[in-house]
Amino acid sequence: MALTILTVASPFAPVGADPENEGTAEQVAGAIDAALVRAGHRSVVIAPEDSAVAGTLIPLARVHGGAHGQAPDERAQAAVLRRVATVVAGAVEDHAPDLVHIHVRDFDVLLPPQDVPVMATLYLPLDRYRPEALISRRAKLHLQPVSAAQVRGASPELTLLPPLEIGVAVDRLHIRVPKRRFAVCLGDLEPEMGFHIALDAARQIDMQLLLCGGLSRGAEEQRYLQEEIRPRLDPKRRFLGRIGFGRKRWMLGAARCLLAPSLMSEPTPVAALEALACGTPVVAFPTGALADLVEPGVTGFLVKDAEEMARAIEDCEGLDPDACRAVARARYSLDGMTERYLARFEELAAGGTAAAAGVA
């Protein structure tokens, strides 16, 4: 049965216009939109006007915002989301979707007044959402976690769907280049990413470390750069900022390992998935989804501090790159992710509840 799916993306970041620099939510929304069209379904996407989608675009005036689909100013964000909520209600009226799929953190503000099934994908740790949004009693609202780590320890008051893990473009990321003696950190330069610990570990064994990622103008991020990162940089440990897809793929492919000393319970460690797809093991703290992603001695190592991380960097030299690639292809491919989402759409549109996930 052909479905009509209405996707609601962030008004602050386009979908499909710049795939190399998209956030996770935008990547997922774009991949699902394309998969829907390929499968013969009807895809309608509410997104900024400079988006490039496979289905029908309902354009929003572009609003330049901050991280995680939010505006830097809370009052401005609230005003924008109120306008988007009006667009969502009109789109439901005009297109009669079988399901509305929301990719925005403040999804509860965007719920249509019509009685239509709604799925909200939760990309952030659950404590980043307002409790009243997560405990909504709206019968046809389905909360979609992206990892088992999100579900573990969740409040028993929550009703969550079984997790659907994020996928990456394993075919596009596939690369075979000689391994070299350097490690990589990849992600936005934020205190909770723990990159200062990776720099300390690399220095202990005189390992070259390339730190790549974006840097916001926020006071906390700037303080972190000046007080924790810059004093640890030297000719062998460098901060490169943002890099393009081709350079990132080569660096991940040639690196001995990716270092992920995350200090938060990250549910979507996309950089780690990309590293595995490139045949590169991951040395990580056992936080969030990283604890489930890394198989010690096969796809990397789980460590507790800089000293253990330093030893694990050396140990990664003996790991098989093809074992990393095999895990990425079997479990974290973009095609596999979209297939699982389309199956979930069909179940929810038919009135199913997709068997709520346990929260023990």
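The values are calculated or read from the model by the stated rules, or taken from the named source; none is laboratory data. Values in this document were obtained by computation on a predicted structure and should not be read as measured data. For neighbour counting, all protein chains shown are included, and Cβ atoms are generated from backbone atoms with ideal geometry for every residue, glycine included. Side chains are part of the model used for accessible areas, which takes the heavy atoms of the whole protein and leaves out ligands, DNA and RNA. Shrake-Rupley method; radii C 1.70, N 1.55, O 1.52, S 1.80 Å.
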Any cysteines in the chain with zero other Cys Cβ atoms under 4.7 Å from their Cβ? List them, or say none.
C185, C212, C278, C324
Fluctuation leader among R75, R172, R329 - the chain, Gaussian network, Cα springs under 10 angstrom:
R75
With a probe of 1.4 Å, find how much accessible area region 248-360 has per residue, and write the answer as a whole number in Å².
37
Candidates per GluC sites (Glu not before Pro) in region 120-196, loop by DSSP, up to 15 other Cβ within 10 Å
E157
Region 192-340, relative contact order in percent, only Cα pairs under 8 angstrom and at least six apart counted
23
Cα gyration tensor of region 1-69, axes a ≥ b ≥ c as square roots of the eigenvalues: rounded (a/c below 1.5), prolate (a/b > b/c) or oblate?
prolate
When a/c reaches 1.5 or more, the comparison of a/b and b/c decides; with that in mind, is region 20-146 rounded, prolate or oblate per its Cα gyration tensor?
rounded
Tilt of helix 74-95 relative to the longest C-alpha principal axis of the chain, in degrees (0 to 90, nearest 10)?
50
Size-normalised alpha-carbon gyration radius of region 202-318, reference 2.2 N^0.38 Å
1.04
What is region 1-56's relative contact order, in percent, from Cα pairs under 8 angstrom and six or more apart in sequence?
46
How much area per residue is accessible in region 1-41 when the probe is 1.4 Å and only protein heavy atoms are counted (Å²)?
34
List the GluC sites (Glu not before Pro) within region 233-319 that DSSP assigns to loop and that have no more than 11 neighbouring Cβ atoms inside 10 Å.
none
With runs of 4+ DSSP H residues as the only contributors, calculate the mean residue ellipticity of the chain at 222 nm using -39,500 (n - 2.57) per run, divided by the residue total and rounded to the nearest 500.
-10000 deg cm²/dmol
Between 0 and 90°, nearest 10: helix 321-331 axis offset from the chain longest Cα axis:
10
Which of the peptides 102-108, 247-253 is most tightly packed, and how do the rest follow, going by the mean number of other Cβ atoms within 10 Å of each residue?
102-108, 247-253
Please determine, in degrees from 0 to 90 and to the nearest 10, the orientation of helix 245-254 with respect to the longest principal axis defined by the Cα atoms of the chain, where the helix direction is its Cα long axis.
40
Can you give me the distance in nm between label points at E93 and Q208, each placed 7 Å from the Cα along the Cα-to-Cβ direction?
6.1
For a test of the definition: using alpha carbon positions, the gyration tensor, and the 1.5 limit on a/c, classify region 128-170 as rounded, prolate or oblate.
prolate
